[in-house]
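The values are calculated or read from the model by the stated rules, or taken from the named source; none is laboratory data. Keep in mind the model is a prediction, meaning the values are calculated, not measured. All Cβ positions, even for glycine, are placed from backbone atoms using ideal geometry, and neighbour counts span all protein chains on display. Accessible surface areas use protein heavy atoms only, side chains included; no ligands, DNA or RNA. Shrake-Rupley method; radii C 1.70, N 1.55, O 1.52, S 1.80 Å.
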Amino acid sequence: MLGAWLPLLLGGCLALGARGDAALFRRADDAGGRCTYTFTVASPGEASCPDAGDHALLLPPPSAVPTRCGAQPCWEGAASSEAPPDPLPIPKSGLFAGCWSQPSSSHQHGRATEIRGPPFSLCGALSSGGRGAMESAVSPIPGSPMCPTTGHRAPARGIGILGGNGWAPGLIPLPGPPAAPRWKPEPLGYQELKSERTEVPASRLLEETALGRPQTEDSGCGELAWVGEPVVLGRADSIAGKYGVWMKDPEPVAPFTRETTWRVDTVGTEVRQLFQYEAAEQLARGYPSKVHVLPRPLESTGAVVYRGGLFFQPRRSRALARYDLRAEAISAERELPGAGYHGQYPYSWGGYTDIDLAVDETGLWVVYSTEKAKGAIVLSKLDPETLEIRRTWETNIRKQSVANSFVICGTLYTVSSYSAPNATVNFAYDTATGTSRTLSIPFENRFQYLSMVDYNPAERRLFAWDSYNMVAYPLRLSHA
């Protein structure tokens with residue numbers, strides 16, 4: 001019976017949307033003293049009914065029963081200690097399966113009651129035949145009690161005005177499904193900042209540059225002009241690889257080559273394993289040719305490989321160390337004067353990223369901050385053999401306000417966000433002039449957890465680690 005009269009109900013809804021008329025339920029005793037409920041809808045195109053007669057549409061009995069969403073009750077007193085009314089059986093099939101509601105407001109007129117609002121709730125399961133049509137015609141009323149399981153609202157006070165877009169103006173649409181909670185594994189002793197941050201989508205002022213492609217041959221230095229889309233080259237398969245660092249030596253020492261690839265998974269308190277791969281293809285398959293065990297545990301994702309050595313920050317220290325890849329031993333170690341460490345001046349994502357090493361066309365660099373610099377980025381050029389500082393620059397870029405950094409041709413570049421999908425390369429500091437400037441070069445965080453970015457001057461690409469994924473970004477430099 002219900003299926004036969006559903007088109008009439010929906011037709012009335014559409015007609016009311018066009019005419020602005022109200023659809024009302026009315027409760028009154030009939031001639032025999034029996035309580036009856038009437039749903040009244042004006043016909044959109046008939047002045048009179050040529051075939052007058054009574055037609056029944058079966059609705060739930062309007063006794064004081066709570067709305068039910070599946071197995072969960074939903075009534076206006078649900079948030080208080082008020083006990084729910086006695087429930088009626090819940091329909092198990094049909095358009096209104098799984099969900100009844102009592103009228104939420106009524107006005108007494110003698111023995112007749114005019115119900116101001118819909119007498120049922122659609123927060124439960126609907127049959128496949130009528131679900132789309134009814135959801136397009138019915139919306140909940142703001143401020144009404146929330147159904148615990150679905151998030152949909154039961155009706156509250158107000159006259160229900162049906163129309164093509166739902167209830168009366170000012171009423172909200174049915175909410176969509178809640179966002180899936182993001183899995184946040186235990187950091188295993190690894191630091192992540194807990195403060196809330198507002199991520200700002202990247203400006204597209206330079207969007208037109210993405211239409212081009214990096215040059216196959218690019219001689220000489222220049223300013224960063226474009227960063228392309230990331231290419232995934234490998235993926236970690238355990239929680240230890242949520243953050244990490246992967247590298248190639250731009251100036252290798254035999255028996256290693258420019259194709260030899262290195263990787264460290266950096267989640268943990270005793271990070272000592274350095275994985276060696278003969279080529280990036282082997283990295284993609286996940287099978288290292290050799291595993292080096294470092295004499296001292298490594299801290300964070302700031303390591304680099306350069307001229308036959310792994311340069312890294314030993315755990316819980318402000319020191320720098322060089323691990324000779326051929327001799328498999330530490331060949332140099334030196335403290336970085338005044339440098340913050342172990343969470344004093346990290347990048348915005350945390351991870352004990354206080355000290356970050358970098359390589360460019362001109363040599364070896366270290367990015368850090370000090371108490372004297374009050375958290376601003378300090379950039380020092382290092383001797384790759386002795387780790388002595390050759391020269392230092394103090395910038396005006398606050399280290400904890402950026403997600404990461406890299407150096408190209410003597411210029412420091414920073415990334416605005418580690419988690420916003422459309423981040424930017426937002427600052428540049430030129431060591432040749434000692435000046436900084438703002439940028440807005442689009443930078444894509446495809447997997448939305450960027451923990452490492454380094455420049456490889458031999459390949460003219462950025463290597464990055466983005467939530468278990470080892471990726472590479474093509475780039476282009478502009479030349480004066």
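General remarks:
- Heavy-atom accessible area, probed at 1.4 angstrom with all protein chains present, ranks LYS248, LYS374 as LYS374, LYS248, highest first.
- Spin-label model distance (nm) - ALA329 vs ARG235, 7 Å beyond Cα toward Cβ: 4.2 nm
- Sparse packing (at most 12 other Cβ atoms within 10 Å of the Cβ) combined with a DSSP loop state is found for the following GluC sites (Glu not before Pro) in region 299-385: GLU371, GLU385.
- Computed over protein heavy atoms with a 1.4 Å probe, the accessible surface of region 222-479 works out to 35 Å² per residue.
- Length gained on full extension, THR362 to HIS342, computed as 0.36 nm times the residue gap minus the Cα-Cα distance: 4.4 nm.
- Solvent-accessible area, 1.4 Å probe, carbon plus sulfur percent, for region 222-479: 46 percent
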